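Engineer: Got a structure here, written out as C-alpha cells. Questions coming.
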Amino acid sequence: MKPAAFTYHRAHDVADAVALLTDLAAAGEDPKVIAGGQSLMPMMNFRLARPSALVDLGPLRRLPAMTAIRSDGDHLTLGALVTHHAVEKATLPEGFAVLSRAMRWVGHLPIRSRGTVAGSLVHGDATAEWCLLALLLDAVVVAEGPSGRREIPADELFHGFYATAVDLDEVVVEVRFTRPAPHAALCEFARRHGDFAVVDAAVALDLEGTAATGGRIVLGGVAPAPVRVPEAEAVLAAGGAAGDALWGAVADAAAAAVDPPDDATTTAAYRRRLTRTLVADACREASGGLR
Amino acid sequence: MNDPHLLSLTVNGTEQEVVVEPRRTLADVLRHDLRLTGTHVGCEHGVCGACTVLLDDAPVRACLVFAVQAEGAEVRTVESLDAEGRLSDLQQAFSDHHGLQCGFCTPGFLMLAEGVLDEQPDASREEIREALSANLCRCTGYQTIVDAVHATACSRRQEIPS
Amino acid sequence: MTATELPGDGHATEPRAEGPRFDGHRGRWVGASIPRHEDPRLLTGRGRFVDDITLSGMLHAGFVRATVAHAQITGIDLTATRAVEGVVAAYDASDLALGDIVALLDRPAEEFTPTAMPILAKDKIRFVGEPLAIVVARDPYAVEDGIEAAVVEHTALDAIVDEETALRASTTVHDEAPDNVLLDVSMFDTPGVDEAFADADVTVEVTTRSGRQNALPLETRGVVVSWDARDDQLLVQTCTQVPHQVRTLVARCLDVPERTVRVTVPDMGGGFGQKCVVGREEVAVAAVAQRLHRPVKWIEDRREALTAGFLAREQTYRTRAAFDADGHITALDVDVVCDMGAYSCYPFTAGIEPLMASAEMPSVYRVPAYRVRGRALTSNKAPTAPYRGVSRPQYVVAIERVMERAARELGLDPVEVRRRNVITEFPYTGVNAVTYDPGTYRESLDLAEATIRDEGWYELRESTDRHIGIGFCCFSERTGYGSEAFAKRKMTVVPGFDLSEIRMDTTGAVVVTSGTMNHGQSHETTFAQIVADRLGIDTARVKLRQGDTERIAYGWGTFASRSVTIGGSAVALASQRLGELLCRIAAHLLETRPDNVALDGDGGVVQLDDPDRRLTYEDIADVAYLRSHLLPKDVEPALTATASFDVPGDGTFSNATHAVVVEADPGTGAIRILRYACVEDCGVVIHPKVVEGQCRGGIAQGIAGALFEEITYDAHGEPSAASFIDYLVPTATEIPDVSIAHLETPCAFTENGAKGAGEGGTIGAPAAVLNAVNDALRHTGVELDATPIHPRVVLDALEGGL
Ligand SMILES: Cc1cc2nc3c(=O)[nH]c(=O)nc-3n(C[C@H](O)[C@H](O)[C@H](O)COP(=O)(O)OP(=O)(O)OC[C@H]3O[C@@H](n4cnc5c(N)ncnc54)[C@H](O)[C@@H]3O)c2cc1C
Ligand code: FES
Ligand code: FES
C-alpha cells in the first residue's frame, strides 16, 4: 500500500496554486490539489487515486484568510484550510454552533487535526458531515480558477458519487455559510464510533416558542450525494406543536421519501428505518429536547 | 520533480535533513530514513492509529502525511517521551495498568494520549474513552489503556481517579 | 442512559471470588502482578519488530496476487515488471521451483484428503489474493510499481464460495478432492443416541453459524531473510509463533539441510493463531534471499492481511439435542461443517477445526450419548489458520444455544438448565472419552449469576420497557495439550512437549530458554516469576530467551494456551534441577551431606543444621566456572540444567462463566453492552494482571466476532473487506469494561498448578453476547443463531416481533 509516483509542487498563494494546476494540466499531467490529505492519501495509498502531480496547499496556511473563521452579520466564513478540529474548538455564533457540535462525528481527533472543510466538500462523500451541513446552512463555496473567482451554492455542488461542481483547475478559497440555524442538530449512526455514517441526518428547525413553523431536513447515506427532503420539510412547514408527534411525522415523511440503494453493506429498508430514527432524533435535539 | 526533494524538519527537537521521493510517507521517513522505529505502521489508511505522532503539537496519522508536507514542521514521536531511561508519567501509567501486551499499538496510543491530554486536560474517563477510540488495539480490550490515560489525566490535575 | 442509572458501574464492582483456593506453597513472585519486563522497551520505542530490522544492502519483496478467485493460469509475464525502475528481480513458480507445503494427517483416504499448497501458484488460482509471483526491488514503493506491471492471463472457473456450491461440486478447488471435502470424520456415535431421541421429552434443533474472521494481529505478517556467507546459512527473522516449524518447512521447500536455516523471532505484535502456521510468503522470501545472496524483507500490508492472510472461523453447526422433562440432556447429535478455504495449513491441516469440535463438543455438560460428524470443506476463499479458541467459540455457541432453547421449551430458567447438566464431579470422563480434571464449572456459573442478580440487572430487565437482555456462557477450555492429546488427532506432526535450558552465569544471574514463543503474553515476566521462585532470586536476575532455532533445541511455539502450562513447567523443572546442582556443589564446598543443605530463598544455599554457614550463588558460580578444580569429582563445570515437560493424558481444563447484559436500541438495532462479568479459573495465577489482560483482550475479540467483524465473499469469490473501512475492528467505544473474578483450582499435573489462560475470553464471549441479545428479543419470538449479529437483523426482530 504505497502510492504511485507523482511530482510535488508547493503552492505559495492561491494564484500560484491555480497557475500550477493549469500549467501542469497543459503539460499533460493529471494534477490534483492536496489539502489535509485525509481523503486523498488513503486513496493514493491504495492506488485508487493516482494523480501524476500534487499541488500542496499546505504553505497557504500562512495566509490568514485561508485558516480564518470569520463571522460577519448573518454569515459565517471559513477559510478553505480551516480544519475540522479548529471548528470543533471554535466558539461560533449561535446560528452556526451546530457546526462545532457536529465535528465530533467526523473521524477522530488525528483526522480532524488535518482534514479541512474545503477538502471534505470537494471530496463530496455522500455521508460527510460537512456536505450535509453545507446543504443545511446554505453554504456557498468560493472557488478560484484560471478565469477568476466564482461562487457555487451548496445545492449545485454535489453531483453524486464523489463528483462535485468544483473543477479540477479550481481551488476553493473559502466556504460561506449564509443561513444561520440556532435550532439545528446532526445525528448519525455508524457501526463504529468515528466511521463514516451509514445514515446521517441534519435538521434545522424554525421555532416560535414551542411551535414549529418550518425547517430543513438533509440526509446522507440514502443517495449518491447528500439530499434535502422537501417532503419532510413540508410537514414542518405545515407547522405544529414541537414534540415527538411532529418529529415522528417528519421522520415518517423523510423515510417514505427517500429511495436508498441496496448495497453490499446493508439494505435499503434498513437505511430507511435509520432515516426515521435519525430524523426524529435530530428534530428532538434541534428543538432543545422538546418531546 | 518526481525527483527527490530535500526535506528539513525537526524531529524530537533535532533538526533533520532528508532526501525523499515525494511519495514517501512521513511514517516511512521517520521509521526507515531516520531510523525512529518506535512509530509503527498497521494499516496505511488512517484507521489503526499505530503511526500516530505529534505534528506541530497535534496528533496526526503519519501514514496520511507525505513527508514533503512536513517541511519545516516539528514532529514528536514516542522516542521523545522518556527522559534518559526514566519513563514519563504516561508511560509509567501504561506499565502500572498493564495497558500494553504485545506493545505494537502502544507508541500510537501514547502519542494520541499526549495529544488528547494536552487538548482536554479535564477529560472524564468517558471522554478519554471516546478520544482513544481513534486507535486500534487487538490485545488489551482497551480497558487498561483507558485506565492508564485516565490515571495520568487525574494525576496531572492532581486528582485521585474515581 | 447515564452511568448512574445503571445498577452496577461496569468497572467498579468486582465480584468477590469464593471457591477452592490453592493452598500449596507459593513463593514470593508467583501470584504477584510485578512490573512487566517487556514494558520499558515497548513503551519507549526500543522494541524491535520485524519491520524495524534494516540490514545493509537489503531489498524489499512483494507479491503479484490473484485478482480472481478461481482460474486456470495461462500465462504470467514479468517482463514489464523487471523493467520497472528500482525492480531487481521477479520470479514466478516456474523460476523458483520450490517444494509445496503439505500438511498430513495419519487418517485413511475416506477421512482425509491431502492437498498441496504451492509457494507460488503454479497452474491454478484458488483464491483472490493468492501469491502468483514475487517481485524484489530497492524499496517497497518500487515493489508495488513492479507488481502493477505484471501481466497475468487466466481462464476463469466457477467459484466455490459456500457450503452449497462446495458440496454441489460443479467444479473442484483441488482435483484430489472431487467433492471439495478435505476431511470427513464421524468421530463418535456412542450407543443410545437414537433411543434417547425417541424417548426425549423435548428435542431441540439449532443451526448456528459464525462469520469468517481475521485474527488480526495489529502487526501484520513479515519476514527478513539474509544469507550469511560465512556460516552458509539463511537467517530468517520472522514474526511467527512457531519458529522451529518455519525452519523445517523453509528447509524442506528449498530442499536444503535444516542446519542451513536459522529462524529467529524478534518482538511480535500479536499473532492469535494467524502466525502459528507457516506462510508461503516466508518461504518465498527465503528462496529469493538465497538466490540473490542479499537480505530481503517482506512486510504484509493491511490489504494483503485482510484478503490474502490466513482467515478463520466460518463454520456451521447443525445440532440436535434430546432432553428429559427435568431439563437433563440425554443425547447430542451434531453435524459440523467448516469452510477452511483454499488450502490446508501447516502443520495443523484443514482438519483442525472439525476435529477439535468433534472431540470436545459436549463442553462442560454431562452428555450421555453423542454422535458427531465433522467436515472440512475447501472453497475459493483465503485459507484459514487456527484462530484463538479454534472452533471452541463456535461449538460453545452451539451447545449454549441448545441450553437456552431447551430452557425455553421446558419453561425453565436457562441458568438452572445449565446447573442441572454441568459436570460437578471430577475427574470426569465424558462420552467423548476425554477426562476432565477438576474445575469450578458450577461455582463459576453460580458466582456469575449471583453477580448479575445482586447488582439488580434482573430487576431492571423486568421493570423497564427497554430491550434489555441477560446472557450467560459456561465453558471449559482444554489447555496444555500434550503429545498424547495431539496424537489422538492423528497429526503426523505431533506437538506437545516443551524443552527448557537454564544457565547461571558467574554473577548468579540466569538465562533460561523456552520453546514457547511470546507475542504479547508477557512470558519474559511470568517465566521469570516461575524461575525466581524456584531459585529464590529476584526476577530482575532472570532473562528469558525464546525464538531462536540455534539456541533452543526444539520448540512447538505458542498456541493452544500451552505456554505457561507446558513451557512454564519445563522452565520450572529446569530451574529446580539447577537448584539441585547448586545444592550439590554447595554441600561439597561446605563439607556437609547433600541433604543438609537447601536453597535459602535469597540467592544462596544454606547449611540446615548451621544456618550461619551459607554460600551465595556467586560463591558457587565462582567455583563452577573459575575454580573448577574445587568442584566435586562427579560434577562437571558450568551451572546449567535442562528439562522437558509434556502433559500426560488429556490435558488440563481451564473454565469460566461469562455473564453479559445488553440493550438493543429500538431505533437502530445497535447492541450496547451494559455489563460484562467474567468468572474464570485457570488454576494458579502466575500474574493476575496478565491473566486479566488475556481475558479482557480475548473477550474483546469474542465481542468483535459476535457483533462486528466478518469477511464475506460474493458469488465470484470477491472478498467484502480489503480495508478497515469494511472490516469493523471494534474500538474503545464498542468494547465495554469487563470485571473479572478468579477462582482457583490448581492443576495437579503441571509444575506450577497453572492452567492455560490465553483463549478463554474469546471462547466465551460470542455465546454470552448472542444469548443476551436473544434474551433482549425474548418478546419478539425471534431467536438469532448466527454471528456477527447485524443491527439490521435486531431491528427486524424488534419491529417484526412487537
Ligand atoms: C479514518 C478516517 C475516518 C474519517 N471519517 C470521516 C467522517 O466520519 N466524516 C467525514 O466527513 N470525513 C471523514 N474522513 C475524511 C476527512 O474528513 C477528510 O479530512 C476530508 O474528507 C477531506 O479533507 P482534506 O483536507 O483532508 O482533503 P484532501 O484529502 O487533501 O483532499 C480531498 C479532495 O479534495 C480536493 N481538495 C482539497 N482541498 C481543496 C481545495 N481547497 N480546493 C479544491 N480542491 C480541494 C483534493 O484535490 C481531493 O480531491 C475520515 C478520514 C479518515 C482517514
Ligand atoms: S498505519 Fe497509520 S493509521 Fe494505521
Ligand atoms: S498491545 Fe497488542 S495491539 Fe495493543
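Engineer: Is it true that C:ALA624 is surrounded by 20 or more Cβ atoms within 10 Å (Cβ to Cβ), in contact with a Pro (Cβ under 8 Å, 6 or more places away or on another chain) and touching a residue at least 12 places away in the same chain (Cβ under 8 Å)?
Structural biologist: Spelling it out, C:ALA624 is indeed surrounded by 20 or more Cβ atoms within 10 Å (Cβ to Cβ), in contact with a Pro (Cβ under 8 Å, 6 or more places away or on another chain) and touching a residue at least 12 places away in the same chain (Cβ under 8 Å).
Engineer: What's the number of the condition A:ALA255 fails, among (1) without any contact (Cβ under 8 Å) to a residue 60 or more places away in the chain; (2) surrounded by fewer than 24 Cβ atoms within 10 Å (Cβ to Cβ); (3) touching a helix residue (DSSP H, G or I) at 6+ places or on another chain (Cβ under 8 Å); (4) closer than 24 Å to A:GLY160 by Cβ?
Structural biologist: (2)
Engineer: Looking at C:PRO688, is it modelled with pLDDT under 95 and either assigned by TED's automatic domain parsing to the domain that holds C:ARG478 or away from ligand 3 (no atom under 16 Å from the Cβ) (or both)?
Structural biologist: yes
Engineer: Continuing with this model, one more query. Search the stretch B:67-79 for residues being out of contact with any Gly (no Cβ under 7 Å at 6 or more places or on another chain) and open to solvent by less than 50 Å² (accessible area, probe 1.4 Å), and hand back the single one that is farthest from ligand 3 (Cβ to nearest atom).
Structural biologist: B:VAL68
Engineer: I'd like to check something: does the stretch A:44-64 contain any residue that is away from chain B (no Cβ under 13 Å), at pLDDT 95 or above and within 28 Å of B:LEU117 (Cα to Cα)?
Structural biologist: Scanning the stretch A:44-64, I find at least one residue that is away from chain B (no Cβ under 13 Å), at pLDDT 95 or above and within 28 Å of B:LEU117 (Cα to Cα), so the answer is yes.
Engineer: While we're here: Sort out which residues of the stretch B:112-147 are within 13 Å of ligand 3 (Cβ to nearest atom), at the interface with chain C (Cβ under 9 Å from one of its Cβ atoms) and touching a strand residue (DSSP E or B) at 6+ places or on another chain (Cβ under 9 Å), and write them in order of number.
Structural biologist: B:ASN135
Engineer: Might you let me know whether the stretch B:115-125 holds any residue that is buried (at least 24 other Cβ atoms within 10 Å of the Cβ) and part of a loop (DSSP other than H, G, I, E, B)?
Structural biologist: Checked the stretch B:115-125: no residue is buried (at least 24 other Cβ atoms within 10 Å of the Cβ) and part of a loop (DSSP other than H, G, I, E, B).
Engineer: Anything in the stretch C:423-446 that is buried (at least 22 other Cβ atoms within 10 Å of the Cβ) and among the aliphatic types (A, V, I, L, M)? List them, or say none.
Structural biologist: Listed by number, the residues that qualify are C:ILE423, C:LEU445.
Engineer: Does C:VAL773 qualify as being touching a strand residue (DSSP E or B) at 6+ places or on another chain (Cβ under 7 Å), closer than 25 Å to C:GLU314 by Cα, within 14 Å of another protein chain (Cβ to nearest Cβ) and buried (at least 24 other Cβ atoms within 10 Å of the Cβ)?
Structural biologist: Considered against the rule, which asks whether it is touching a strand residue (DSSP E or B) at 6+ places or on another chain (Cβ under 7 Å), closer than 25 Å to C:GLU314 by Cα, within 14 Å of another protein chain (Cβ to nearest Cβ) and buried (at least 24 other Cβ atoms within 10 Å of the Cβ), C:VAL773 comes out as no.
Engineer: Out of all the residues in the stretch A:87-103, is one or more more than 9 Å from ligand 1 (Cβ to nearest atom), within 12 Å of the chain's Cα centre (by Cα) and more than 14 Å from chain B (Cβ to nearest Cβ)?
Structural biologist: Yes, there is a match, as at least one residue in the stretch A:87-103 is more than 9 Å from ligand 1 (Cβ to nearest atom), within 12 Å of the chain's Cα centre (by Cα) and more than 14 Å from chain B (Cβ to nearest Cβ).
Engineer: Still on this structure, please answer the following. If I filter the stretch B:93-101 for residues that are more than 10 Å from ligand 3 (Cβ to nearest atom), part of a helix (DSSP H, G or I) and within 13 Å of the chain's Cα centre (by Cα), do I get at least one hit?
Structural biologist: no
Engineer: Next up: Scanning for something closer than 30 Å to A:HIS108 by Cα and aromatic (Phe, Trp, Tyr), does the stretch C:727-749 turn up at least one residue?
Structural biologist: yes
Engineer: How do the strands (runs of 3 or more DSSP E) wholly within the stretch C:30-99 filter down when requiring 1 or more residues that are within 14 Å of chain B (Cβ to nearest Cβ) and of a type outside the set (S, T, N, Q): which remain?
Structural biologist: In the stretch C:30-99, the matching strands (runs of 3 or more DSSP E) lie at C:59-65.
Let's see how each residue does on (1) of a type in the set (A, V, I, L, M, F, W, C); (2) farther than 22 Å from C:TRP457 by Cα:
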{"residue": "C:GLY764", "(1), (2)": "no, no"}
{"residue": "C:ASN774", "(1), (2)": "no, no"}
{"residue": "C:LEU777", "(1), (2)": "yes, no"}
{"residue": "C:THR780", "(1), (2)": "no, no"}
{"residue": "C:GLU783", "(1), (2)": "no, no"}
{"residue": "C:ALA786", "(1), (2)": "yes, yes"}
{"residue": "C:HIS790", "(1), (2)": "no, yes"}
{"residue": "C:LEU798", "(1), (2)": "yes, no"}
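Engineer: Okay, next question. Residue by residue through the stretch C:210-248, note down the ones that are closer than 30 Å to C:VAL729 by Cβ and assigned to a helix (DSSP H, G or I).
Structural biologist: C:PRO243, C:GLN245, C:VAL246
Engineer: Only one of B:ALA148, B:ALA131 is within 16 Å of ligand 1 (Cβ to nearest atom) and out of contact with any Pro (no Cβ under 6 Å at 6 or more places or on another chain); which? Break it down stepwise before answering.
Structural biologist: On the way: B:ALA148 fails: within 16 Å of ligand 1 (Cβ to nearest atom).
Going through B:ALA148, B:ALA131 in turn, just one is within 16 Å of ligand 1 (Cβ to nearest atom) and out of contact with any Pro (no Cβ under 6 Å at 6 or more places or on another chain): B:ALA131.
Engineer: Against the conditions (1) within 12 Å of another protein chain (Cβ to nearest Cβ); (2) open to solvent by 40 Å² or more (accessible area, probe 1.4 Å); (3) farther than 22 Å from B:VAL60 by Cβ, where does A:ALA26 fall short? Just the number, please.
Structural biologist: (1)
Engineer: Additional query: Tell me the residue from C:SER522, C:SER575, C:SER514, C:SER569 that is on the phi > 0 side of the Ramachandran plot and open to solvent by less than 30 Å² (accessible area, probe 1.4 Å), please.
Structural biologist: None of the other options fit; the residue is C:SER522.
Engineer: Going by the structure shown, is C:ARG168 within 30 Å of B:LEU136 (Cα to Cα) and either among the basic types (Lys, Arg) or touching an Asp or Glu at 6+ places or on another chain (Cβ under 6 Å) (or both)?
Structural biologist: no
Engineer: Give the stretch A:51-68 a look and list any residue that's out of contact with any strand residue (DSSP E or B) (no Cβ under 6 Å at 6 or more places or on another chain) and surrounded by fewer than 18 Cβ atoms within 10 Å (Cβ to Cβ), or say none.
Structural biologist: Of everything in the stretch A:51-68, those that are out of contact with any strand residue (DSSP E or B) (no Cβ under 6 Å at 6 or more places or on another chain) and surrounded by fewer than 18 Cβ atoms within 10 Å (Cβ to Cβ) turn out to be A:SER52, A:ARG61, A:ARG62, A:LEU63, A:PRO64.
Engineer: Answer with yes or no whether B:PHE109 is assigned to a helix (DSSP H, G or I), in contact with a Ser or Thr (Cβ under 9 Å, 6 or more places away or on another chain) and either more than 7 Å from every other protein chain (Cβ to nearest Cβ) or within 16 Å of ligand 1 (Cβ to nearest atom) (or both).
Structural biologist: Numbers: assigned to a helix (DSSP H, G or I): yes; in contact with a Ser or Thr (Cβ under 9 Å, 6 or more places away or on another chain): yes; either more than 7 Å from every other protein chain (Cβ to nearest Cβ) or within 16 Å of ligand 1 (Cβ to nearest atom) (or both): yes.
So B:PHE109 fits the description; yes.
Engineer: Kindly provide the set of residues from the stretch C:719-739 that are without any contact (Cβ under 8 Å) to a residue 12 or more places away in the chain and open to solvent by 20 Å² or more (accessible area, probe 1.4 Å), ordered by number.
Structural biologist: C:SER720, C:ILE725, C:ASP726, C:THR733
Engineer: Could you give me the residue pairs with C-beta distances under 9 Å whose first residue belongs to the stretch C:576-598 and is assigned to a strand (DSSP E or B), whose second residue is among the β-branched types (Val, Ile, Thr) and surrounded by 17 or more Cβ atoms within 10 Å (Cβ to Cβ) wherever it lies, and which are 6+ apart or on separate chains?
Structural biologist: Qualifying pairs under 9 Å: C:VAL597/C:VAL605; C:VAL597/C:VAL606; C:ALA598/C:VAL605; C:ALA598/C:VAL606.
Engineer: I need every pair where a residue in the stretch A:71-89 that is farther than 20 Å from A:ASP13 by Cβ has its Cβ under 6 Å from the Cβ of a residue that is among the aliphatic types (A, V, I, L, M), sequence separation at least 6 or different chains.
Structural biologist: As it stands, the answer is A:HIS84/A:MET103; A:HIS84/A:VAL106; A:VAL87/A:LEU99; A:VAL87/A:MET103; A:GLU88/A:MET103, since those pairs meet every condition given.
Engineer: Within the stretch B:42-52, can you find the residues that are in contact with a strand residue (DSSP E or B) (Cβ under 8 Å, 6 or more places away or on another chain) and at the interface with another protein chain (Cβ under 9 Å from one of its Cβ atoms)?
Structural biologist: First pass over the stretch B:42-52, keeping only residues in contact with a strand residue (DSSP E or B) (Cβ under 8 Å, 6 or more places away or on another chain): B:44, B:46, B:49, B:51-52.
Those that are in contact with a strand residue (DSSP E or B) (Cβ under 8 Å, 6 or more places away or on another chain) and at the interface with another protein chain (Cβ under 9 Å from one of its Cβ atoms): B:GLU44, B:GLY46, B:GLY49, B:THR52.
Engineer: Please work out which residue is least open to solvent (accessible area, probe 1.4 Å), limiting yourself to the stretch C:179-203 and to residues that are under 30 Å from C:PHE348 (Cα atoms) and not in a strand (DSSP E or B).
Structural biologist: Taking the candidates together, the pick is C:ASN180.
The values are calculated or read from the model by the stated rules, or taken from the named source; none is laboratory data. The model shown is predicted, which means the values in this text are computed figures rather than measured ones. Here Cβ is always computed from backbone atoms with ideal geometry, including for glycine, and neighbour counts include all displayed protein chains. Note: accessible area is taken over every heavy atom of the protein model, side chains too, but ligands, DNA and RNA are not part of it. Shrake-Rupley method; radii C 1.70, N 1.55, O 1.52, S 1.80 Å.
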